[in-house]
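First up is the structure itself, then whatever we jot down about it.
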Amino acid sequence: MSVAADESIKWEHDMRHNTADTAEIVSQIERFKSSPAVLSWYISDEPDGAGDHPGAPVGVSPGQVQAAYDAAKQADPYHPVRARAF
């Protein structure tokens, strides 16, 4: 992330594989939110589909996506949070 900041590149931090784990989402946001390279937080994509890595859950519920969004906004109200809808 520091290389991106040094080059004035904005970064969308991808947390799609942690949508159901709000504690992990908050942990990552706390770690990176002060970086000038952060553009937004990406918490979910195609949440009703299968995961794209071994061991990924087969989907997350709309409630889990909402909980992830709420946790992300509470941890960092200043950056956008992106999630694709069902």
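The values are calculated or read from the model by the stated rules, or taken from the named source; none is laboratory data. Computed from a predicted structure; not experimentally measured. Cβ sites come from the backbone with ideal geometry, for glycine too, and all protein chains shown count toward neighbours. Each accessible area value is taken on the protein alone, full model and side chains, heavy atoms only, with ligands, DNA and RNA left out. Shrake-Rupley method; radii C 1.70, N 1.55, O 1.52, S 1.80 Å.
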Subtracting the Cα-Cα distance of GLU24 and ASP45 from 0.36 nm times their residue separation yields 5.9 nm
Rounded to the nearest 10 Å², the accessible area of ASP14 using a 1.4 Å probe with every protein chain kept is 60 Å²
Expressed in nanometres to one decimal, the distance between label points 7 Å along Cα→Cβ at LYS10 and TYR78 is 1.5 nm
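Around ALA75, with a cut-off of 12 angstrom between Cβ atoms, what is the net charge of the other residues, counting Lys and Arg +1 and Asp and Glu -1?
Net charge in that neighbourhood comes out at -1.
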